[in-house]
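The structure appears below as structure tokens.
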Amino acid sequence: MEELKNNIIEEIASVACIDASEVVLEMPKDTANGDFAFPCFRLSKTMRKAPVQIAEELKEKLIKIEGIEKIDSVNGYLNFFAKKEGMVKSVLLDVIQNKENYGKTNVGKGENVVVDYSSPNIAKPFHIGHLRSTVIGKALYNIYNHLGYNSVGVNHLGDWGTQFGKLIEGYKRWGTEYNIEENPIDELTKIYIRINAVCKEDETALDACRENFKKLEENDPYCVELWEKFRSLSLKEFDRIYKILGCTFDSLNGEAFYSDKMDEVTKLLEDSGKLVESKGARIIDLEAKKMPPCIVGKTNGSTTYATRDLAAIIYRARTYNFAKAVYLTSYEQILHFKQVFEVAKLLKLDPKYTDNLVHVPFGMVHLKTGKMSTREGNIVKLEDLINEAVAKVEAVIEAKNPDLEDKKETARKIGVGAIIFNDLKNARIKDEIFDLDEMLKFEGETGPYVQYTYVRTQSIIEKAGYVPNIEEIDFSKLEDKDSIEVIKNLAAFKDAVASAAKGNEPSVVARYVVTLAQSYSAFYNNNKIMNAEKTVKDARLVLTIAVGIVIKLALSILGIECPEKM
RNA sequence: GUGCUUGUAGCUCAGUUGGAUAGAGCAACGGCCUUCUAAGCCGUGGGUCGGGCGUUCGAAUCGCUCCAGGCACACCA
């Protein structure tokens, strides 16, 4: 398909005497306008002719292009009609021969991309707000891998900061009232909410919390012991959730990991001569960049989130020699990362690192009642959501396919898939209003719909009971409109992945796989496979196999599993 | 107040580097299961692309401006 496109581009370039980079081809929405189109309008200025005339002249000169059977000139457009059989053959061979490696490239040249994602706060519930960072990050991780990068997934745990001073203070005051061994996160959350309420009323309590954190930074044994306890109990719970989501990390180095790496940051910033004192705090002034100052040292001497992020940049540059480092957080932190990335330029790192720090912000999940806040206690825990989704899927299975084997496992894959897909299908910057009913719809542009389409392909392959020899397929049997639509969508996979990486936007792949599934469903409804004449049946089977491969591949890139039956 | 961001069908959203008649899903209505899984398919209705001005052969897309929502803006992360 790319080859065909390149042929056309080269021919146009040579005939029109322009550079190939100036030839931009489109894929017309309406198939009546061909498979590729070249708008001649932009040439009209330099060539001093009407677009229609240019198109006509180019058409006359373009005598023969490999793989093209017809060229039309319509209203200033040059429309190219591909030889269907060749196009069908090249696409299907590509998919069938490469299987799950279809569309893999080596543009990443094995270089490391650090993906900083998920990053929940220790001792707080893993709620539906954390889901976005986790699923978008995981998808980007897979997307970069597919493009030949080596992704490094870092869960930058929120395991440091004043919040631990608060928890320690709360535990000191009322620790015996709560059973944190039994139900760590829920109980710690109660303590957290309670101490926050106290701090709101009582400034001295807040000071005590800050003092606790300072002690923690200074390795006070009591504080460290409590911190370790909170951390390990929380991680145990997170592990359970990551397992359900099929999520793994290459590093769990959170903020605490950098607590002993701050001095170097401070030293480097001092050396830069840009570190100044202001109102008792140590800051980098960013007025020249039209930003508020970046605070790297608090009045009481302890560090900030920014300092730890700077230490992390140094550490990751040295450890991973990254080609790119992407950070997944909600858009609340846009300014923070702008500041940190600016200050990072003062750390004397090779610019190849500091020029490739990318914050990837995403929209927030709101409840109908407003913003979620652990402090206020109005959150939806992810695990509760997953349980509801799986329960609903189980009910659907019971109604539609009660004889299904492995109902529980299938329900898990579908329920979790529905939740993940729902979070990935829209542009990441969009806010989301949490609506359980909306989330648990399994019809239309949803995860279960795509999975269902995959299951249909597998069902047909199973029923056929054989795999046709690709060498013997008569690809001319797939020249009907439905088949061609599927073929074009199969070919579009590579662009979808590339464009998702370019914009750090997994929704492109999610949209893509829906489109592929839709085109196959239409094909499936309009064309009988099993009882077609043998050569037709074989050709359609190969198409079906290819669709199965690409749907499964695309979903796996999105971090979604496919049941074989449902 | 400053900066960023969002605004497209009743609802949720797509819309390639500006291109041909602005597309899906949901909801509504009407069809399609004695034949490969109806979690499906086909059809109908539904649009001042927030408003205005501008650039251009051509604007949902680019620029300016206004309106509306959201977020951030010194010791939370």
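What are the residues in the range A:143-178 that are under 21 Å from A:Glu218 (Cβ atoms) and assigned to a strand (DSSP E or B), if any? Within the range A:143-178, A:Gly158 is the sole residue that qualifies. Please enumerate the residues belonging to the range A:442-476 that are among the small types (Gly, Ala, Ser), under 25 Å from A:Ala418 (Cα atoms) and more than 7 Å from RNA strand B (Cβ to nearest atom). Within the range A:442-476, A:Gly447 is the sole residue that qualifies. On inspection, A:Ser499 fails the criterion of being over 30 Å from A:His359 (Cα atoms), surrounded by fewer than 23 Cβ atoms within 10 Å (Cβ to Cβ) and either near RNA strand B (Cβ under 9 Å from one of its atoms) or modelled with pLDDT under 95 (or both).
Applying the condition of being modelled with pLDDT under 95 and part of a helix (DSSP H, G or I) to the range A:433-451 and asking which residue is surrounded by the most Cβ atoms within 10 Å (Cβ to Cβ) yields A:Met439.
Return the only residue of A:Met364, A:Met372 being among the hydrophobic types (A, V, I, L, M, F, W, C), in contact (Cβ under 8 Å) with a residue 24 or more places away in the chain and out of contact with any His (no Cβ under 8 Å at 6 or more places or on another chain). The unique qualifying residue is A:Met364. Report yes if some residue within the range A:104-121 is part of a helix (DSSP H, G or I), surrounded by 16 or more Cβ atoms within 10 Å (Cβ to Cβ) and either in contact with a helix residue (DSSP H, G or I) (Cβ under 7 Å, 6 or more places away or on another chain) or not aromatic (Phe, Trp, Tyr) (or both); otherwise report no. The answer is no; no qualifying residue exists. Within the range A:309-316, the presence of a residue that is over 17 Å from A:Leu349 (Cβ atoms), crowded, with 22+ Cβ neighbours inside 10 Å and either among the acidic types (Asp, Glu) or modelled with pLDDT under 95 (or both) is excluded. The residues of the range A:250-267 that are part of a helix (DSSP H, G or I), more than 13 Å from A:Ser302 (Cα to Cα) and acidic (Asp, Glu) amount to a single one, A:Glu264.
The set of residues from the range A:384-432 being surrounded by fewer than 18 Cβ atoms within 10 Å (Cβ to Cβ) and near RNA strand B (Cβ under 7 Å from one of its atoms) comprises A:Val396, A:Lys400, A:Asn401, A:Asn426, A:Ala427, A:Ile429, A:Lys430, A:Asp431. Taking the stated definitions as given, is A:Tyr327 more than 6 Å from RNA strand B (Cβ to nearest atom), under 30 Å from A:Glu432 (Cα atoms), at pLDDT 95 or above and crowded, with 19+ Cβ neighbours inside 10 Å? Here the answer is yes, as A:Tyr327 does meet what is asked. Is at least one residue of the range A:452-467 farther than 24 Å from A:Ile386 by Cβ, crowded, with 22+ Cβ neighbours inside 10 Å and in contact with a helix residue (DSSP H, G or I) (Cβ under 7 Å, 6 or more places away or on another chain)? Scanning the range A:452-467 turns up at least one residue that is farther than 24 Å from A:Ile386 by Cβ, crowded, with 22+ Cβ neighbours inside 10 Å and in contact with a helix residue (DSSP H, G or I) (Cβ under 7 Å, 6 or more places away or on another chain). Within the range A:1-38, the set of residues being loosely packed, with under 12 Cβ neighbours inside 10 Å, outside any loop (DSSP other than H, G, I, E, B) and out of contact with any helix residue (DSSP H, G or I) (no Cβ under 9 Å at 6 or more places or on another chain) comprises A:Ala32 only.
Condition check ((1) touching a strand residue (DSSP E or B) at 6+ places or on another chain (Cβ under 8 Å); (2) more than 18 Å from A:Ser234 (Cβ to Cβ); (3) modelled with pLDDT of 95 or more) across all residues:
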residue	(1), (2), (3)
A:Leu140	yes, yes, yes
A:Lys166	no, no, no
A:Arg173	no, yes, no
A:Glu177	no, yes, no
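Residues in the range A:39-49 that are more than 15 Å from A:Asp72 (Cβ to Cβ), outside any loop (DSSP other than H, G, I, E, B) and near RNA strand B (Cβ under 10 Å from one of its atoms): A:Leu43, A:Ser44, A:Lys45. Look at (1) free of Cβ contacts under 8 Å to residues at least 60 places away in the same chain; (2) within 30 Å of A:Leu357 (Cα to Cα); (3) within 16 Å of RNA strand B (Cβ to nearest atom) and you find that A:Asn106 fails only one, number (3).
Out of everything in the range A:502-531 that is buried (at least 19 other Cβ atoms within 10 Å of the Cβ) and of a type in the set (Gly, Ala, Ser), what residue ends up being nearest to A:Pro361 (Cα to Cα)? Ranking the qualifying residues of the range A:502-531, first place goes to A:Ser507.
Of the numbered criteria (1) within 14 Å of RNA strand B (Cβ to nearest atom); (2) under 26 Å from A:Lys477 (Cβ atoms); (3) within 35 Å of the chain's Cα centre (by Cα), the one A:Lys84 fails is (1). For the range A:213-227, the set of residues classified as part of a helix (DSSP H, G or I), acidic (Asp, Glu) and surrounded by 12 or more Cβ atoms within 10 Å (Cβ to Cβ) consists of A:Glu217 only.
The values are calculated or read from the model by the stated rules, or taken from the named source; none is laboratory data. If you're wondering where the values come from, they're calculated on a predicted model, not measured in any experiment. No Cβ is skipped: glycine too gets one built from the backbone with ideal geometry, and neighbour counts run over all protein chains shown.
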